[in-house]
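Bear in mind these aren't lab numbers, they're just calculated from the coordinates by the rules spelled out. None of these values were measured; they are calculated from a predicted model. When we count neighbours, we look across all protein chains shown, and the Cβ atoms used for this are built from the backbone with ideal geometry, even at glycine.
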Amino acid sequence: AQKVTQAQTEISVVEKEDVTLDCVYETRDTTYYLFWYKQPPSGELVFLIRRNSFDEQNEISGRYSWNFQKSTSSFNFTITASQVVDSAVYFCALSNLLVIGSSNTGKLIFGQGTTLQVKP
Amino acid sequence: GAGVSQSPSNKVTEKGKDVELRCDPISGHTALYWYRQSLGQGLEFLIYFQGNSAPDKSGLPSDRFSAERTGGSVSTLTIQRTQQEDSAVYLCASSSPGKGFYNEQFFGPGTRLTVL
């Protein structure tokens, strides 16, 4: 079975602090994808990043960075020098590889989300 | 439109009534997903459509829930005899598998359903 755990329910930081959001996943698939989505107060889900299971390279995009470690089944997300606009709910998600006509549907399995509050 | 659209944006109904929620996927996207976001359950998968293949209904919580996708495009999620626990935001997503090795899903703005 597939499962995603985001143990941190809520995190509160002061602007300019660095913050790491944890994500641990479980899957028996050898090919899978990991995602992070942001849900600001307006409610829409905003795609942030996708990684596949064969690519463990860490990725940096501006103030955002992601650390993927298969050995610990983790895909953590760090925001450097946080800003008030980063306040949102962040979801980590897992999917298998969609194969048309098979039971691999590519559906997203989401963690429970981490609410990040960045105070000025 | 460029993105996934959903209607209505908000729906308030009385317990026991039937409701229909609509999703217009991105043009050309053959895969369509419904998810539900509720306070108690987080974000959970409901149903998946891909072209003419049989849908994956494994996430539907009860037989009061059904969905169809006509002409491989627009989808309607129907909830019969609504209950208060059906109150949630219903999200639709579409993707275009086959254009890459990944399956990026683009989400609509959601329909907020409140059952009184």
**Item:** Surrounding net charge for A:T5, when Lys and Arg each add one and Asp and Glu each subtract one, Cβ distance under 12 Å
**Value:** -1
**Message:** Please give the Cα centre distance for the stretch A:52-99 versus the stretch B:1-49, rounded to the nearest Å.
**Reply:** 26
**Fill in**
Per principal axis, largest first, the Cα atoms of the protein assembly as shown extend in Å by 48, 39, 34
**Request:** Note down the net charge around A:V99, summing +1 for each Lys or Arg and -1 for each Asp or Glu among other residues with Cβ under 14 Å from its Cβ.
**Result:** -1
**Message:** Given contacts defined as C-alpha pairs under 8 Å and at least six residues apart, what's the relative contact order of the stretch B:5-99, whole-number percent?
**Reply:** 38
**Request:** Could you tell me which of the pairs A:K38/B:K11; A:K3/A:K38; A:K16/A:K38; A:K3/A:K107; A:K38/A:K107; B:K15/B:K57 are separated by over 21 angstrom between their Cα atoms in the structure shown?
**Result:** A:K38/B:K11; B:K15/B:K57
**Partner aspartates and glutamates for B:K17 [C-alpha distance under 12 Å; skip if fewer than 8 residues away on the same chain]** = B:D86
**Fill in**
Treating only Lys and Arg (+1) and Asp and Glu (-1) as charged, each at its beta carbon, one finds that the protein assembly as shown has a dipole about its Cα centre, in Debye to the nearest 20, of 340
**For the protein assembly as shown, share of DSSP beta bridges that run antiparallel, in % to the nearest 5** = 90
**Cα-centred dipole magnitude for chain B, charges only on beta-carbon of K, R (+1) and D, E (-1), debye, nearest 20** = 120
**Fill in**
Restricting to Cα pairs under 8 Å and 6 or more apart, the percent relative contact order of the stretch A:3-119 works out to 37
**Prompt:** What dipole magnitude, in Debye to the nearest 20, does the stretch A:3-119 give about its Cα centre under +1 on Lys/Arg Cβ and -1 on Asp/Glu Cβ?
**Reply:** 240
**Asked** Any number yet on Rg/Rh for the stretch B:1-103, C-alpha, Kirkwood?
**Response** 0.96
**Prompt:** Which of the GluC sites (Glu not before Pro) found in the stretch B:6-76 are loop residues per DSSP with 13 or fewer other Cβ atoms within 10 Å of their Cβ?
**Reply:** B:E14
**Prompt:** Among residues other than B:S94 whose Cβ falls under 11 Å from its Cβ, what is the net charge (Lys/Arg +1, Asp/Glu -1)?
**Reply:** -1
**Fill in**
Rounded to the nearest 0.05, FRET efficiency between B:S66 and A:D55 (Cβ-Cβ, R0 30 Å) equals 0.20
**Prompt:** Taking the inverse of the average 1/r across all pairs of different Cα atoms in chain A, what Kirkwood radius in Å do you get?
**Reply:** 14.7
